[in-house]
Amino acid sequence: MNKGWNVNIDSNSKESFVRVPNTRLVVGLANGWAGDGKFLLIDPDHLKAAYNSLLLEGMQPLGFGYWNILDEGKISPQIPSKPIYMAASLNEFLHIRDTK
């Protein structure tokens, strides 16, 4: 996203360059209801590792959003060994809320 890419909106328009810098990127996530092959579910542990790697490079996204709070704690077919608590998982490395 940060490097950008060229797009053609339609055959009548000229090519445009699109770039989304990391400081403006909000990554949309799914939680436990996903992972059935139709939607991408990213394991929160993998999300944490990726975020920390990006943080070291100064390339972390602005933030994350996910759908939906009602499905917190659901078990995904993709990761049947644990329920997915996206809010708590994101807070582990974003430190948005004090959990003490």
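Some points to look at:
- If the segment from Ser13 to Tyr85 were pulled out straight at 0.36 nm per residue, it would be longer than the present Cα-Cα gap by 21.5 nm.
- DSSP beta bridge pairing in the chain, given as percent antiparallel to the nearest 5: 45 percent
- Among [x] 60; [y] 47; [z] 82, the entry derived from the coordinates for percent of Cα pairs over 17 Å apart: [x]
- Label-point separation, Asp98 to Trp5 (7 Å along Cα→Cβ), nm: 4.3 nm
- The lysines whose alpha-carbon is closer than 30 Å to the alpha-carbon of Lys3, local same-chain residues fewer than 8 away aside, are Lys14, Lys38, Lys48.
- C-alpha center-to-center spacing [the stretch 77-100, the stretch 1-30] in angstrom: 29 Å
Read-outs: derived from the displayed coordinates by stated rules, not from any lab. What you see is a predicted model, and the numbers here were worked out from it, not measured in a lab. A quick note on method: Cβ atoms are made from the backbone with ideal geometry, for glycine too, and the neighbour counts reach across all protein chains shown.
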